[in-house]
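What follows is a set of notes on a single structure, which appears directly below.
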Ligand SMILES: Cc1cc2nc3c(=O)[nH]c(=O)nc-3n(C[C@H](O)[C@H](O)[C@H](O)COP(=O)(O)OP(=O)(O)OC[C@H]3O[C@@H](n4cnc5c(N)ncnc54)[C@H](O)[C@@H]3O)c2cc1C
């Protein structure tokens, strides 16, 4: 062993490497290949058939499918920083079919439970659609469809997994959609310290998120979509998006700004910018991978209330994320992804506890991003025919696959094509505004304090019962389960 080492409760850590850890700089995913040179900014007033604000997955998938359907459409995308600057270039890389919202709430729509089943099937199909386009367009995003593991590391978490499974069966989802893995079956795939069981869902793929968004931006611009970077939109109004360089006039203007929406005039309380923070290790040794397994590249999450998510990266590291500081006062959004040292330490402790064999790899980079949370935690894809204004987002942390489905749906809505997608229950879904400050800040921070305490109590007591603190948190926040 070379380098400086310090003793920590769970083993040894490379102190020299962690001292050099990069913090922010958008994300490891971008820094792995280098942030690309910026495309030109909007030079002055312009006209288009469709103007899209925001070049993340939502904006770019919408541009992609619109262009595919009608290459004559003049599509202009306006991006404040660069394509993939937001959550799309920073996320955990789960292309998950998880529903961005609550079955019960979507089922209140005119199509009831049938509509929800269609939405869930469409999301499962979306995982394959993302893979199909990557192949068709030559986008190498390291996509591996290994499925999704939700693990339990306490009796209470295991009880929740079993309860969830019973709920899935009652809903009609069979073994092909989700199944329970006992300790040994889980260990044959992946060895996580203290793991008791897991639910396995095949409809999930792992990706390198920035590679996907960079590939998409290159694909749409090659196909004739105009993408202006360094062009913040100052307001969105019917028929135009305003910028300091001039207006882009278009009969249809689509807002695809998810976690950044609070910065736009009149939308401060529409979507809560929730932070999610990530760390990535250095490359693990072969011995470490032998100890851990993970040859199937499943995405990995746990059943804690303050849950974590992780992936084995294409370049042999572990990337792990969690909530950290959940929300900044006044819906403040971003400082280039920089995160607090306390969050790095917290995620590092979880990583070392779960994967002692990864300890020697150190933590090389930490960053964060914002995702958009609606007040009822259910996403929406909407086009208002009267004003020509549309939007999609509020995926509550399940936005990678959902943004593709949303993009296809917006493309149909814009072209006025009635399709099975335009009938899905999230189309036209609306929610109420978030509370004003300081209630918003106090509510979110209070919620995560409850969740963290509940996790500690459940682990310490070894009980199979979910802590009442977490139940109270769910009730107050309206988070669907
Ligand atoms: C750390 C983290 C981990 C996550 N992990 C996962 C995961 O593993 N799986 C999953 O399904 N989901 C995950 N999510 C959520 C998912 O990444 C997002 O829901 C999804 O990327 C949203 O895409 P988007 O295009 O709607 O928004 P974004 O990717 O945030 O893009 C919005 C774009 O709009 C631009 N913009 C904002 N305001 C303006 C303006 N005024 N003018 C012009 N441009 C503007 C921004 O610069 C940005 O590029 C995660 C999110 C985070 C932050």
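Derivation of every value follows stated rules applied to the coordinates shown; laboratory data play no part. Everything numeric here is computed off the predicted structure, so don't read it as measured data. Counting neighbours? That spans all protein chains shown, and the Cβs are built from the backbone with ideal geometry, glycine included.
According to the Kirkwood relation over distinct C-alpha pairs, the hydrodynamic radius of the chain is 22.8 Å. Ordering 471, 145 by the number of other Cβ atoms within 10 Å of each residue's own Cβ, fewest first, gives 471, 145. Cβ-to-Cβ counts within 10 Å put 163, 129 in ascending order as 163, 129, the fewest first.
Relative to the longest principal axis of the Cα atoms of the chain, the long axis of helix 209-222 lies at roughly 20 degrees. Counting only DSSP beta bridges with both residues in the chain, the antiparallel share comes to about 70 percent. Relative to the dominant Cα principal axis of the chain, helix 57-69 is inclined by about 50°. Per-residue packing, averaged as other Cβ atoms within 10 Å, sorts the ranges 300-310, 414-424 into the order 300-310, 414-424, beginning with the highest. Listed from fewest to most Cβ neighbours within 10 Å, the set 30, 426 follows the order 30, 426. Between the alpha-carbon centres of segment 20-51 and segment 303-363 there is a gap of 23 Å. Spatially, segment 204-254 and segment 393-465 are offset by 23 Å when compared through their Cα centroids. Packing-based ranking of 132-140, 400-408 yields 400-408, 132-140, ordered from highest to lowest mean Cβ neighbour count within 10 Å. Each label point was placed 7 Å from the Cα along the Cα-to-Cβ direction; for residue 468 and residue 432 their separation is 2.7 nm. In terms of the mean number of neighbouring beta-carbon atoms within 10 Å, the peptides 343-356, 456-469 order highest first as 343-356, 456-469.
Between the helical axis of 155-171 and the longest alpha-carbon principal axis of the chain there is an angle of about 40 degrees.
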